[in-house]
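See structure below.
Read-outs: derived from the displayed coordinates by stated rules, not from any lab. Since the structure is predicted, the reported quantities are computational estimates derived from the model, not experimental observations. Every residue, glycine as well, gets a Cβ built from its backbone with ideal geometry; the counts of neighbours run over all protein chains shown.
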Amino acid sequence: MKIVVIDGKGGGIGSQIVERLKALKNSDLEIIVLGTNSQATINMLRAGANDGATGENAIVWMSKKADIIVGPMAIIAANSMMGEISPKMAEAVASSDAKKLLLPISKCNFEIVGLENYQLKQLFDGLIERIKEYIDIK
């Protein structure tokens, strides 16, 4: 199963996701990281991803090949992350047939009404539980 983790800026959120996925010790998972910039990609690769790439074309191309796409909610919002998410990237992720597991981090001026305000640790824990459920279904 190919899990694609997308992040930008410094890749801190993506790095924490990769570390938690690696902790599952599931050899059937291929963790591919896609950074909107090279620093994000490098940091996520250091966290233990199997492979990674940087930039718009990588995100557009790999969104078609993923089984699961993981990242902050901003990856489906054009011009979010201070402009690092291009409209083409946002469209590719949102249009992908992959299951999308998005963290409701509200730094892109989006707020999901009805959600509690969780700390990042709680969001990561919930994310990993959802991925475990999805893997068991497949």
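Equivalent-ellipsoid semi-axes (√(5λ), Cα gyration tensor) for segment 2-137, whole Å, largest first?
Numbers: eigenvalues 76, 65, 41 Å².
Here the semi-axes work out to 19, 18, 14 Å.
Which of the peptides 61-73, 32-44, 79-91 is most tightly packed, and how do the rest follow, judged by the mean count of other Cβ atoms within 10 Å per residue? Mind dumping the intermediate values first?
On the way: 61-73: 20.5, 32-44: 23.1, 79-91: 17.0.
Per-residue Cβ counts within 10 Å, averaged per peptide and sorted highest first, yield 32-44, 61-73, 79-91.
Just to check I understand the Karplus step: with θ = phi - 60° and J = 6.51 cos²θ - 1.76 cosθ + 1.60, what whole-Hz values come out for segment 64-71, glycine and proline as x?
Each residue of segment 64-71 in turn: 6, 9, 7, 8, 9, 10, 10, x Hz.
Calculated FRET efficiency, Asn50 and Gln119, Cβ-Cβ r, R0 25 Å, to nearest 0.05?
0.30
How about Lys99: which lysines have a C-alpha closer than 17 Å to its C-alpha, ignoring those fewer than 8 places off in the same chain?
Those lysines meeting the cut-off are Lys2, Lys64, Lys65, Lys132, Lys138.
Quote the charge dipole size of segment 1-48 about the Cα centre in Debye, to the nearest 20; the model charges only the Cβ of Lys and Arg (+1) and of Asp and Glu (-1).
So the dipole magnitude of segment 1-48 works out to roughly 100 debye.
Taking amide H positions as placed 1.01 Å from N in the peptide plane, with prolines and chain starts having none, which residues 5 or more places from Lys100, or on another chain, fall under 5 Å of its amide H?
Ile69
About the Cα centre, and with charges only on the beta carbon of Lys, Arg (+1) and Asp, Glu (-1), how big is the dipole of the chain? Nearest 20 debye, please. Could you put the intermediate results ahead of the total?
Numbers: 16 positive and 16 negative charges, 37 e Å.
Using only the charged Cβ atoms, the result is roughly 180 debye.
Note down the relative contact order for the chain as a percent, whole number, built from C-alpha pairs under 8 angstrom at least six residues apart.
Values: 246 pairs, mean separation 31.5, N = 138.
Value for the chain: 23 percent.
Report the calculated FRET efficiency for Ile112 and Lys132 (r = Cβ-Cβ distance, R0 = 22 Å), to the nearest 0.05.
0.45
Just name one of Ala78, Val60, Met1: the one whose Cα is farthest towards the positive end of the charge dipole of the chain (beta-carbon charges, Lys/Arg +1, Asp/Glu -1).
Checked the options; the winner is Met1.
At 0.36 nm per residue, and after removing the present C-alpha to C-alpha distance, how many nm does the segment from Lys22 to Asp97 gain when stretched out fully?
The Lys22-Asp97 span can extend by a further 24.6 nm.
Just check segment 90-131 against the gyration tensor rule for me: Cα atoms, a ≥ b ≥ c as the square roots of the eigenvalues, rounded for a/c under 1.5, and otherwise prolate or oblate depending on whether a/b exceeds b/c.
Numbers: a/c = 2.41, a/b = 1.26, b/c = 1.91.
Cα axes put segment 90-131 in the oblate bin.
Would you list Asp136, Asp7, Asp51 from fewest to most Cβ contacts within 10 Å? Please list the in-between numbers first.
Working: Asp136 7, Asp7 29, Asp51 12.
Result, fewest neighbours first: Asp136, Asp51, Asp7.
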